[in-house]
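I have placed the structure first, in the form of structure tokens, so that the comments after it can refer back to it.
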């Protein structure tokens, strides 16, 4: 069913808890309903398609139409002795999908537990955590453009990279994701050599999907604030990738600096470490602050506007640039 609301508050549709409104808010349950909206010229005016709002920062009221998918189906489309292929609606809450996989003994998604947002956005953002990215599981992305044309993007078509997909390019930004197809393994396999996962596993008698999911949830909850309590969008900045020569330059002064080898002469440095070394961990700028447990997270202490968050982001970026000569870039999408 299509539901439409005028002058609708988006307070509960962005995890930063920014109190802005949209001229028109529309939800739909099926592809046919989305096509009906397209044929009715609803998308001829400015429109924004959102998921859970976990990667959005609104700077102003949105003078246009905000669309939200309520396509919440999970369908088995193929199966072999080794794997299962699932077609998942864009409106399915991402962690509900991960929970489904774990409960059905399907391997691959467990490290992505409690990442906020919905399935459609997982393909746009290429969400990732603890050594796994959505691109490792995605086989196809089903879409409709504002002209009502359907297209299926293969994994290769999506041009996946670190927190990136073709849907972030100008040509892909108006494309609406309706379903995402995933391949999950039926054979026992885990990604454990990241962070403190193996150390935490020592507390359990056996490695299972349930224990790995439980560990990931506990680790994330210990570091990341609950958006329902303290508004935030999770990781605000992407980890910068630098040349090997730039890395060695910094490492001479900071020999214990954490890093990840990316290959081809490139090194990834954790943005949280750079921010903390720049003196911002736990600091506030008005009603916005850098979280005191995870410097990668910017939080709304209460009553912050989108511009307050941006002012803090700009100040943090300037400090990192001045101290290390590295630009860190927001992962969060700004809506002006």
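Assorted remarks:
- Segments classed as strands (runs of 3 or more DSSP E), wholly inside the stretch 148-237, with at least 3 members that are within 17 Å of the chain's Cα centre (by Cα): 176-185, 231-235
- Cβ-Cβ distances below 9 Å connect no pair with a first residue in the stretch 74-94 that is on the phi > 0 side of the Ramachandran plot and touching a residue at least 12 places away in the same chain (Cβ under 8 Å), a second residue that is part of a strand (DSSP E or B) and buried (at least 22 other Cβ atoms within 10 Å of the Cβ), and a separation of six or more residues or different chains.
- Qualifying residue in the stretch 104-111 (condition: part of a loop (DSSP other than H, G, I, E, B), modelled with pLDDT of 95 or more and over 19 Å from residue 78 (Cβ atoms)): no
- Of the residues screened, residue 247 is not one that is at pLDDT 95 or above, closer than 27 Å to residue 328 by Cβ, within 18 Å of the chain's Cα centre (by Cα) and buried (at least 16 other Cβ atoms within 10 Å of the Cβ).
- Looking only at the stretch 58-98, residues that are farther than 16 Å from residue 120 by Cα and within 17 Å of the chain's Cα centre (by Cα) come to 1 in all.
- In the stretch 172-196, the residues that are on the phi > 0 side of the Ramachandran plot and surrounded by 14 or more Cβ atoms within 10 Å (Cβ to Cβ) form Cβ pairs under 8 Å with partners that are at pLDDT below 95 and in a loop (DSSP other than H, G, I, E, B), at six or more places apart or across chains, as follows: 195/130.
- Of all residues in the stretch 133-147 being in contact with a helix residue (DSSP H, G or I) (Cβ under 9 Å, 6 or more places away or on another chain) and outside any loop (DSSP other than H, G, I, E, B), the one that is surrounded by the most Cβ atoms within 10 Å (Cβ to Cβ): 141
- Note on the stretch 151-164: among residues that are touching a residue at least 24 places away in the same chain (Cβ under 8 Å) and touching a strand residue (DSSP E or B) at 6+ places or on another chain (Cβ under 8 Å), the one that is farthest from residue 213 (Cα to Cα) is 151.
- Of the residues 293, 323, 333, 301, the single one that is surrounded by fewer than 20 Cβ atoms within 10 Å (Cβ to Cβ), in contact with a helix residue (DSSP H, G or I) (Cβ under 9 Å, 6 or more places away or on another chain) and at pLDDT 95 or above is 323.
- Check on residue 5, closer than 25 Å to residue 116 by Cα, in a loop (DSSP other than H, G, I, E, B) and modelled with pLDDT of 95 or more: no
- Residues of the stretch 26-43 that are touching a helix residue (DSSP H, G or I) at 6+ places or on another chain (Cβ under 8 Å) and not in a loop (DSSP other than H, G, I, E, B): 26, 28.
The values are calculated or read from the model by the stated rules, or taken from the named source; none is laboratory data. This is a predicted model, so every value here is computed, not measured. All Cβ positions, even for glycine, are placed from backbone atoms using ideal geometry, and neighbour counts span all protein chains on display.
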